[in-house]
Amino acid sequence: MSEKDLEKDGSSEKDAADFAKSGIRQYGIYSAIVFQMLGTMGLAFWGGKKLNDHYGIENNLLTIAIGFIGMGLAFYNLLRQLKNVQK
């Protein structure tokens, strides 16, 4: 934000810093990360189950394999996002 923008809405750099450190904002960021992880893993296991049913495989090999790939992607995304939050 430029100084003119800060003066227009009555906030200052201190207000912006306080907003960045507010507990509710951080709660929102971390809860969004959790829901993204749950969505990624849920879609992976669901997709694996659908493929397993489509190809008629008796054991749940595709469900487990694609589910673990989804878990790996979710954890990779978690670490990447936590690194960005800590900046």
Which order do Tyr76, Tyr30 take when ranked by solvent-accessible area (1.4 Å probe, heavy atoms of all protein chains), largest first?
Tyr76, Tyr30
How large is ³J(HN,Hα) for each residue in the range 11-19, as worked out from phi by the Karplus curve 6.51 cos²θ - 1.76 cosθ + 1.60 (θ = phi - 60°), to whole Hz, x for Gly and Pro?
9, 10, 5, 5, 4, 5, 5, 5, 5
Dipole magnitude of the chain about its Cα centre, charges +1 at Lys/Arg Cβ and -1 at Asp/Glu Cβ only, in debye to the nearest 20?
240 debye
Within 10 Å of each candidate Cβ there may be at most 14 other Cβ atoms; applying that plus a DSSP loop requirement, which GluC sites (Glu not before Pro) in the range 4-87 survive?
Glu58
Residue by residue, what Karplus-based ³J(HN,Hα) values in Hz, rounded to whole numbers, does the range 65-71 have, using 6.51, -1.76 and 1.60 with θ = phi - 60° and x for Gly and Pro?
5, 5, x, 5, 5, x, 5
Let me check against my output: what whole-number percent is the relative contact order of the chain, with C-alpha pairs under 8 Å and at least 6 apart?
25 percent
Enter the accessible area of Lys83 (Å², nearest 10), with the probe set to 1.4 Å and all protein chains included.
140 Å²
Run the count for the chain, please: Lys pairs, Cα-Cα under 27 angstrom, 8 or more apart or on different chains.
8
With r as the distance between the Cβ atoms of Asp18 and Lys50 and R0 = 30 Å, compute the FRET efficiency 1/(1 + (r/R0)^6) and round to 0.05.
0.05
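The values are calculated or read from the model by the stated rules, or taken from the named source; none is laboratory data. Quantities reported herein were computed from a predicted structural model and do not represent experimental measurements. Here the Cβ is made from the backbone with ideal geometry for all residues, glycine too, and neighbour counts use every protein chain on show. With ligands, DNA and RNA removed, areas are computed over all heavy atoms of the protein, side chains included. Shrake-Rupley method; radii C 1.70, N 1.55, O 1.52, S 1.80 Å.
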